[in-house]
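*Asks:* Before I ask anything, here is the structure I am working with.
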Amino acid sequence: MARDLLGVSRLSDPVLRRWLHGLPGVDQVGAEARVAGLGTRSIKTTAKAFAIDLAISMIDLTTLEGADTPGKVRSLCAKALVPDPTDPTTPRPAAVCVYGDLAATARKALGDSLIHVAAVATAFPSGRASMPVKLADTRDAVEGGADEIDMVIDRGAFLAGRYLQVFDEIVAVKAACARPDGTAAHLKVILETGELATYDAVRRASYLAMLAGADFIKTSTGKIAPAATLPVTLVMLEAVRDWRELTGTQIGVKPAGGIRTTKDAMKYLVMVNEIAGPDWLTPDWFRFGASGLLGDLLLQRQKLATGAYSGPDYVTID
Amino acid sequence: MHAASRRGSAGPGAFLGNVAQGSRKDARDAVVAARAAGSGWAGATAYNRGQVLYRVAEVMQGRAAQLAAEVAEAEGLSAARAATTVAAAIDRWVWYAGWSDKLAQVVGNLNPVAGPYFNISAPSPTGVVAVLAPQGSSLLGLTSVIAPVIVSGNTCVVIASQDRPIPAVTLAEIFATSDLPGGVVNLITGRTAEIAPWLASHRDVNAIDLTGAADATGVDWGALEAAAADNLKRVLRPEGDGPAAREPDWTAPPGLHRMTAFLEIKTVWHPKGR
C-alpha cells in the first residue's frame, strides 16, 4: 500500500525523503495564531458539561513511573472503573496506560469492563534498544492482555534521515501486535515531538507513521519537555484529516503529557472539532494521555452538578 | 469597578475613587492561591511567622500617614482620630504577631493520663479561611480579623469592606512589599453579598469568619452559615443574634477566641520508655 501510494516498486531512504520533504511546509506563525484564536472560544453550561464528559471518556489514565507497583496500577484501575464515587453518571475513561509488565495486572483489575489496557513498549521512553528486544517487549505486552500498544519511534534515526529504518520498525511492531486468534492490538506511534524541533518534522513524522500503518499518532512520552502542545497537535490533526482525504483511512490522535486542566482539555476538543472535524470527537479517534487531568475534570463536573466550587479533597488521588 | 464613597471632608456620599470589583472567579482563583501557600506557611516555624508579621507592622508604620488619610476619608474621622486608629491597628498586628510562638503553650497541653504515655495536645492550623472583613472599621477591624487567622499558619481569602475598601488596597500593597509569602493573604475588593456565598459553599475552604456579614447590605449571615455547614466548615459567627448581629468594638482587648476559632487541636499518645 505504501509503495502504491508513493508509486514506487521498492521503498528506500531517498524515496521516502523525496515524499516526506515534498510535503508542504508548516506555517509556524500561522499555526500558532490559529491555535491562539481557537483557544479563546468560551464554552459554558450545557456545552461545558458535554465537553467535560467527552474529555473524561477520552482519557488514557496513565501511570508510567519507575516506582509503579501492581498495587498502584490496581488503584488506578479502581479509579478508572469508578471515577467519582459520589456520582455514578460519571463516564469512565477510555483506557488505563501502564508499562508492559503491568498490563496483565491492569487487565485483571479491569475485568470485563470496556476500559482498554494500553501498554507502552519498544524500550519506552527512549526507544534505545535493538529490534529483537523491541519486538519481544511488544509481544510480551500483547500477551499480557494489552489492547493498545504505545510504541516510540527511533528519533535518532528519524532526525538523521534514516526514514526507511523508522518505517520498517513501525511495520515490524505492528506485526508483533497481532494475536494468535487473528485480531491485533491497536498501535499508537509516539513521535516524541519535543525532540523533533520543528513543525515540519512533526508533519513528516506523522505521515511516515501513518504510511507504516499506525492506528493512532501520539505526541509524546511525557518524559521530555515540552510534551504535548496545541500547535503540535494542530499539525497532527491536519495530517490525519488530509490522510483520510488521500487514502480513505482514518487515524486517531493522542496528545500526551502536560494537559492538566479542564480548560486545556477544552481547547484541544475545540481544535479537534475545527481542524479534523466532528468525526474525530470520540474516544475511538482522539485520546488524552494524562493522569492529573481526570481530577480537575471531576472537580469541574462536581461544580456544574452542585453549584458549589469543589476541592481536591473530593476526588480520589492516584 | 465599583465606587468607594467619601465620608470625610467633602461630606458623606461624595465620590472618592474607583476600586476593582472582584467577582466569584477572583474568589475561586484566590482559594487556589491560598491552598497552594498553605503548606509552606503552616510549615514555617512559629518564630519565623512571627518575624514576618512584625515586618508587616514595620511597613505599616512606614506608611502610617497614608493609611491615616485613607481611614479618615473612608470612615469620616478627624485626622487625630484616624491617626489613633492606625496606631491601634499596628499595635493590634504586633500583639497578634507576638502570639505566633506562644499559642501552643497556652492552648496546647501535656495531659495527665493513667498509663506510661506522654499525651500531648498541640494546635495546628485549620487550613484555608474565608474572612468577611468588617464593613465599618476599614483598617483596625481589617487587621483584627486577618492577623489572628494567619498567625497560627492558616492562609486566607478576605473580602474587604464593601464601601470602605481603600485602606484594604493599601494594606494589600503592604503585604506584597513585606516578607509575607504570596498567597497567604488574598484580599478581594467587591460586593460582599455577591462573593460571600461562593466562599461559604466552596468545598476547598475549611473555615469562614462571618464578622463582616453583620451589617453588609443584602447579606443573610444565617444563610451563609447554613451553606458552610453543608460542607462542614468551621464558622465564626458575628457578634449578636440574627438581625441584631453587629460589628464588635475593635478597641476592646481582643482575647484569644479569633485565633482559637481557626485551630485544630491534635492529640498524640507517645509511650514513655527508657
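*Asks:* Would you work out the relative contact order for the range A:2-308, in percent, from Cα pairs under 8 angstrom that are 6 or more residues apart? Don't skip to the answer; put the middle values down first.
*Replies:* On the way: 543 pairs, mean separation 57.7, N = 307.
So the answer I get is 19 percent.
*Asks:* How high is the FRET efficiency from A:Ala184 to A:Leu246, r the C-beta distance, R0 25 Å, rounded to 0.05? Mind showing how you got there, number by number?
*Replies:* Numbers: r = 23 Å, r/R0 = 0.93.
Efficiency for this residue pair is about 0.60.
*Asks:* Between the range B:200-226 and the range A:62-88, how far is it from one alpha carbon centroid to the other, in angstrom?
*Replies:* The range B:200-226 and the range A:62-88 have Cα centres spaced 37 Å from each other.
*Asks:* Just to confirm the number: angle between the C-alpha axis of helix B:166-177 and the first principal axis of chain B, 0 to 90 degrees, nearest 10?
*Replies:* That works out to roughly 50 degrees.
*Asks:* When every alpha-carbon pair in the range A:1-66 is counted, what percent end up more than 17 Å apart? Walk me through the numbers before you get to the answer.
*Replies:* Details: 1529 of 2145 pairs.
Of all Cα-Cα pairs in the range A:1-66, 71 percent lie more than 17 Å apart.
*Asks:* From the phi of every residue in the range B:125-133, what ³J(HN,Hα) in whole Hz does the Karplus formula 6.51 cos²θ - 1.76 cosθ + 1.60 yield, where θ is phi - 60° and glycine or proline is x?
*Replies:* Coupling constants for the range B:125-133: x, 6, x, 8, 10, 8, 10, 8, 5 Hz.
*Asks:* Could you give the semi-axes, largest first, of the ellipsoid that matches the protein assembly as shown, computed as the square roots of 5 times the alpha carbon gyration tensor eigenvalues and rounded to whole Å?
*Replies:* Numbers: eigenvalues 667, 162, 86 Å².
The answer is 58, 28, 21 Å, longest axis first.
*Asks:* Right, something else. When averaged across all projection directions, what area in nm² does the alpha-carbon convex hull of the range B:72-199 cover? All intermediate terms of the calculation are to be shown ahead of the outcome.
*Replies:* Numbers: hull surface 39.8 nm².
It is 9.9 nm².
*Asks:* Let me ask something additional. Taking the Cα-to-Cβ direction at A:Leu6 and at B:Asp220 and moving 7 Å from each Cα, how far apart do the two end points lie in nm?
*Replies:* 7.4 nm
*Asks:* Label points 7 Å out from Cα along the Cβ direction at A:Gln28 and B:Gln51: separation in nm?
*Replies:* Inter-label distance under the simple model: 4.7 nm.
*Asks:* Hey, got the dipole for the range B:76-209? About the Cα centre, +1 on K and R Cβ, -1 on D and E Cβ, debye to the nearest 20?
*Replies:* Details: 6 positive and 8 negative charges, 40 e Å.
Charge dipole, the range B:76-209, about its Cα centre: 200 debye, nearest 20.
*Asks:* Then there is this: Relative contact order for the range B:20-271: what is it in percent, counting Cα pairs under 8 Å that are at least 6 residues apart? Write out the running numbers ahead of the final one.
*Replies:* Numbers: 501 pairs, mean separation 64.4, N = 252.
Result for the range B:20-271 is 26 percent.
*Asks:* Convex hull over the alpha-carbon atoms of the range B:20-109: what's its volume per residue in Å³? Display every interim value, and only then the final one.
*Replies:* On the way: hull volume 12.8 nm³, N = 90.
It comes to 142 Å³ per residue, whole-number rounded.
*Asks:* Continuing with the same structure: Consider all pairwise Cα distances in the range A:201-318 and report the whole-number % of them above 18 Å. Spell out each step's value before the answer.
*Replies:* Working: 3693 of 6903 pairs.
Above the 18 Å cut-off, the range A:201-318 has 53 percent of its Cα pairs.
*Asks:* Let me ask something additional. Give me the inter-chain shielding for A:304-311: mean count of other chain Cβ atoms within 10 Å, whole number please. Could you put the intermediate results ahead of the total?
*Replies:* Details: counts 0, 0, 4, 3, 10, 13, 5, 11.
Counting other chains' Cβ atoms within 10 Å and averaging over A:304-311 gives 6.
*Asks:* Using +1 at the C-beta of Lys and Arg and -1 at the C-beta of Asp and Glu, which of B:Val106, B:Thr84, B:Met60 has the Cα lying farthest in the positive direction of the dipole of the range B:20-271?
*Replies:* Final value for the positive-end residue is B:Val106.
*Asks:* I've got another one for you. May I ask you to give the average projected area over all directions of the convex hull of the Cα atoms of the range A:1-140, in nm² rounded to one decimal?
*Replies:* Values: hull surface 55.2 nm².
Seen from a random direction, the Cα hull of the range A:1-140 projects 13.8 nm² on average.
*Asks:* Between A:Val82 and A:Asp284, what FRET efficiency follows from the Cβ-Cβ distance if R0 is 22 Å, with the result rounded to 0.05?
*Replies:* Working: r = 23 Å, r/R0 = 1.03.
Efficiency, rounded to the nearest 0.05: 0.45.
*Asks:* For A:Val253, what residues show an amide H to amide H distance below 5 Å, using hydrogens built from the backbone and excluding near sequence neighbours?
*Replies:* Amide H to amide H, under 5 Å and 5 or more residues apart or across chains, A:Val253 pairs with A:Ile217, A:Phe286, A:Arg287.
*Asks:* Excluding same-chain residues fewer than 8 positions from A:Lys188, which lysines have a Cα within less than 28 Å of its Cα?
*Replies:* In chain and number order, the partners are A:Lys72, A:Lys79, A:Lys108, A:Lys134, A:Lys174, A:Lys218, A:Lys223, A:Lys254, A:Lys263, A:Lys267.
*Asks:* Set the Förster radius R0 to 30 Å, insert the Cβ-Cβ distance between A:Lys263 and A:Ser126 as r into 1/(1 + (r/R0)^6), and round the FRET efficiency to 0.05. Numbers along the way, then the final one.
*Replies:* Values: r = 32 Å, r/R0 = 1.06.
Calculated value: 0.40.
*Asks:* At A:Ile224 and B:Val32, where each label point lies 7 Å from the Cα along Cα→Cβ, what is the point-to-point distance in nanometres?
*Replies:* 2.9 nm
*Asks:* For chain A, just the Cα atoms, rotate onto the principal axes and tell me the three extents in Å, largest first.
*Replies:* Answer, in whole Å and largest first: 62, 44, 32 Å.
*Asks:* Taking the 0 to 90 degree range and rounding to the nearest ten, how far is the long axis of helix A:230-247 tilted relative to the main principal axis of chain A, both from C-alpha atoms?
*Replies:* 60 degrees
*Asks:* A further question on this structure: From the alpha carbon gyration tensor of the range A:71-144, can you work out the equivalent ellipsoid semi-axes (sqrt of 5 times each eigenvalue) and give them in Å, largest to smallest? Please report the intermediate quantities before stating the final value.
*Replies:* Working: eigenvalues 160, 24, 17 Å².
Equivalent-ellipsoid dimensions as semi-axes: 28, 11, 9 Å.
*Asks:* Rg and Dmax of the range B:20-271 over Cα atoms: what are they, in angstrom?
*Replies:* 17.9, 63
*Asks:* Over all directions, average the projected area of the Cα convex hull of the range B:199-274 and note it in nm².
*Replies:* Details: hull surface 31.9 nm².
With the hull built on Cα positions only, its mean projection is 8.0 nm².
Every number here is computed from the coordinates shown, using simple stated rules; none is lab data. Remember, it's a predicted structure, so these values are computed and weren't measured experimentally. Because the Cβ atoms are built from the backbone with ideal geometry, glycine has one as well, and the counts that use them run over all protein chains shown.
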